[in-house]
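In what follows, a structure is listed as structure tokens, so that the remarks can point back to it.
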Amino acid sequence: MHGRTVLRTIRFGPPSLLRGSLLAIFFLTGALIGHLYAGSCGQDAQAALDQYLMDYCVVYDAGSVTIPLLTCAAIYFGYAALLFLLGFSSAGVALIPALSGVFGFFTMYTVSCFVRCYGRSGVLLAMGILLVRLLFTLPCFFVLAEEAWPLSTELFLLSFGRGKRSAPVLYGSRYFLLFVLCAVILTVGVCCERFLTPLLFRLAMDAVL
């Protein structure tokens, strides 16, 4: 009965088309900037980056690279924790969409760097590294952003509209339970990252080479 009550509390309502579209636009804009930035590197910087990626792939393919647990946890939980906290701040009205752009930037920058180094095969290598990560972090990011952004917007209106344009901001149990659910999903993602990503990357290396 208790589990059923929790599920009712965190059940997903109809998403806001406008809000979701805006977050997606910021993500894609950041991705575009990341792609352009990767292509704007000078020859010396590009050569150094190419050598770094080739050395990284050789070491990773040999099975000598293991992402430290704390680093892996920071990668997975960083955006989620920031989104959750920004839901309690009026600054989140601007920082949440900006964070979506940052997420898109670093994701596409990584892919673009591999493509510039390895050509089209670089997409396969990049997906070997990012596929598991994005499978877990991307849905959680947008779910939490959809919840945190309107709360932050209400706080902004309450703070700068002298309370006349917005009712008091109420944080129900759904917001907290949703964060806990995402935390559980991301924990599973960390385990999958440490065990599956090296395997997927070696498979990608075999396919490329």
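The values are calculated or read from the model by the stated rules, or taken from the named source; none is laboratory data. In this text, all values refer to a predicted model and were calculated from it rather than measured experimentally. Note: ideal-geometry Cβ built from the backbone for every residue, glycine included; neighbour counts use all protein chains shown. Just the protein is used for accessible areas: all its heavy atoms, side chains included, with ligands, DNA and RNA removed. Shrake-Rupley method; radii C 1.70, N 1.55, O 1.52, S 1.80 Å.
Applying a DSSP loop filter and a limit of 16 other Cβ atoms within 10 Å to the trypsin sites (Lys or Arg not before Pro) in the range 79-143 leaves R120. Over every Cα atom in the range 88-207, the radius of gyration and the widest Cα-Cα span, Dmax, amount to 18.9, 62 Å.
Stretching V184 away from A98 to a fully extended chain increases their span by 28.4 nm, per 0.36 nm per residue minus the current alpha-carbon distance. Once the Cα-Cα distance is subtracted from the 0.36 nm per residue extended length, the A47 to L203 segment shows a gain of 53.6 nm.
The alpha carbon centroids of the range 85-105 and the range 122-145 are separated by 19 Å. With all protein chains in place and a 1.4 Å probe, the accessible surface of the range 96-162 carries 71 percent carbon and sulfur. Straightening the chain between F106 and I33 buys 25.3 nm, computed as 0.36 nm per residue apart minus the Cα-Cα spacing. Applying 1/(1 + (r/R0)^6) with R0 = 30 Å to the Cβ-Cβ distance of S173 and L69 gives a FRET efficiency near 0.50.
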